[in-house]
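The structure appears below as structure tokens.
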Amino acid sequence: MTHLVVVPPEVPREWLARLDQPEAGCEVIVGIDAVPTPRLPEVVGLLSLLTMPVDLELLVRLPALRVVSNMAVGYDNVVIPACAARGVALGNTPGVLTDATADLTMALLLAAARRIDEAALDAREGRWHTWTPDGWLGVELRGTTLGVVGLGKIGYAVAERARGFGMQICYVGRSDHDHPDAAKLGAQRLSFTELLARADIVTLHVPLTDETQGMIDAAALEQMKPEAILINTSRGAIVDQDALLAALTTGRLRGAALDVTSPEPLPPAHPLFAAPGCLILPHIGSATHTTRRRMAELACLNLLAGVRGEPLPHPVALTQP
Ligand code: DGY
């Protein structure tokens, strides 16, 4: 039996070659809008991206859908109760993007601490007149404290890297227990409030949920150390951007480096782009050749298992704790 699956046009087709192999038994249509209306009830598998809302409306259009395979570790684009109600399996791509995202987090951390963006722009635009003893001064990482909000795979990988730079690590985790490998990093578990007060640099590694949405709000920013730095490579909506803008504009924060914003893309006229010490990237945490191919590969494996009615290699629990 042939399985009709839909893949997004944005993914290079060669990354999805597994779906085209005869043993996959799939007919692949590129783009949901390319599926002829009479064939929508035949679609059993959907490979989605984090930019694609997977909601009830979409699921109603695809009554035979068995699996949504999200090519991302995050799945806040998917309405979980809608999948659960319909018995549609959901897969994601954890693990393979840990190193790429942790590397990018360190790049942002270093860029913010050493004012790389601002200095490079000044050099390019003719404001580099001579070497001056007090030009473009930043902060050294050795001895500073990194507060990791969410010590999951990516948070841990960031903490490991930061230890290599001589930083002290504190963290907040989901459970009331210490992370089993926290001692290896000399990392101290704190409450969220304690972490904000202690860290020189705060880095966010939590999924976007009802609990984490807006968790870095005006009150949280106010609790951070004067001249602290905020790094976000998780999801934009975890930060209240208006509050962040105010904190940067008043100099309450030294800087912020964001790989993620809300919305994405952030309109170029958005005031955060012009805020002092604010560096914004277009959500490139996992953007390495190796990682993106691995994400596509895992997404294919989840998709194929789902259309065959087998357990997904990387399932998302549809009953959230
Ligand atoms: C993910 O997989 O959730 C990332 O945000 C993509 O880089």
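The values are calculated or read from the model by the stated rules, or taken from the named source; none is laboratory data. The structure displayed is predicted, hence computed values, not measured ones. Here Cβ is always computed from backbone atoms with ideal geometry, including for glycine, and neighbour counts include all displayed protein chains. Heads up: the accessible areas ignore ligands, DNA and RNA and are worked out on the full protein's heavy atoms, side chains in. Shrake-Rupley method; radii C 1.70, N 1.55, O 1.52, S 1.80 Å.
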For the chain the mean separation of alpha carbon contacts under 8 Å (6+ apart) over residue count, i.e. relative contact order in percent, is 19
Each residue of the range 136-146 in order: what ³J(HN,Hα) in whole Hz does its phi give by Karplus 6.51 cos²θ - 1.76 cosθ + 1.60, θ = phi - 60°, with x for Gly and Pro?
6, 6, x, 10, 7, 7, 4, x, 7, 10, 9
By how many degrees, 0 to 90 and rounded to 10, does the Cα axis of helix 98-114 deviate from the longest principal axis of the chain?
30
Given a 1.4 Å probe and every protein chain left where it sits, what share in percent of the accessible area of the chain is carbon and sulfur?
56
Normalized C-alpha radius of gyration of the range 98-280, against 2.2 N^0.38 Å?
1.01
Which three extents, in whole angstrom, do the alpha-carbon atoms of the chain cover along their principal axes, largest first?
71, 49, 32
Residue span Ala219 to Ala287: 0.36 nm per residue of separation minus Cα-Cα distance leaves a gain in nm of 21.2 nm
Please work out the C-alpha center-to-center distance from the range 1-39 to the range 209-276 and express it in whole Å.
39
Rounded to the nearest 500, what is the 222 nm mean residue ellipticity of the chain from helices alone, with -39500 (n - 2.57) per DSSP H run of 4+ residues and division by all residues?
-8500 deg cm²/dmol
Please determine, in degrees from 0 to 90 and to the nearest 10, the orientation of helix 289-307 with respect to the longest principal axis defined by the Cα atoms of the chain, where the helix direction is its Cα long axis.
30
Cα gyration tensor, the range 245-321 - rounded (a/c under 1.5), prolate or oblate:
prolate
By per-residue mean of other Cβ atoms within 10 Å, what is the highest-first order of 170-178, 146-154?
146-154, 170-178
Using the Cα gyration tensor of the range 97-151, with a ≥ b ≥ c the square roots of its eigenvalues, what is the shape: rounded (a/c below 1.5), prolate (a/b larger than b/c) or oblate (neither)?
oblate
One checks the Cα atoms of the range 5-109 and finds Rg and Dmax, in Å, of 15.1, 51
Can you give me the long-range amide H partners of Leu279? Hydrogens built in the peptide plane at 1.01 Å from N, cutoff under 5 Å, separation of 5 or more residues or another chain.
Ala256, Ala257, Leu258
Please list, ordered by chain and number, the residues whose modelled amide H lies under 5 Å from the amide H of Gln188; skip anything fewer than 5 residues away on the same chain.
Ile169, Cys170, Tyr171
Which ³J(HN,Hα) values, rounded to whole Hz and listed in residue order, are derived for the range 62-69 from phi using the Karplus coefficients 6.51, -1.76 and 1.60 in 6.51 cos²θ - 1.76 cosθ + 1.60 with θ = phi - 60°, glycine and proline given as x?
10, x, 9, 4, 9, 8, 10, 10
Checking rank on 253-266, 16-29, with mean other Cβ inside 10 Å and highest first, the result is 253-266, 16-29
Arg13 versus Glu57, label points 7 Å from Cα toward the beta carbon: distance in nm?
2.9
How many Å² of accessible area per residue for the range 1-72, probe 1.4 Å?
48
From the square roots a ≥ b ≥ c of the eigenvalues of the alpha-carbon gyration tensor of the range 1-44, which class results: rounded (a/c under 1.5), prolate (a/b over b/c), or oblate?
oblate
Reported to the nearest 10 Å², Val60 has, with a 1.4 Å probe, an accessible area equal to 100
Given a 1.4 Å probe, the accessible area of the range 98-280 per residue, as a whole number of Å², is 49
So, relative contact order of the range 229-321 in percent, Cα under 8 Å, 6 or more apart, is 23
According to the Kirkwood expression over distinct Cα-Cα pairs, how big is the hydrodynamic radius of the range 65-165, in Å?
17.1
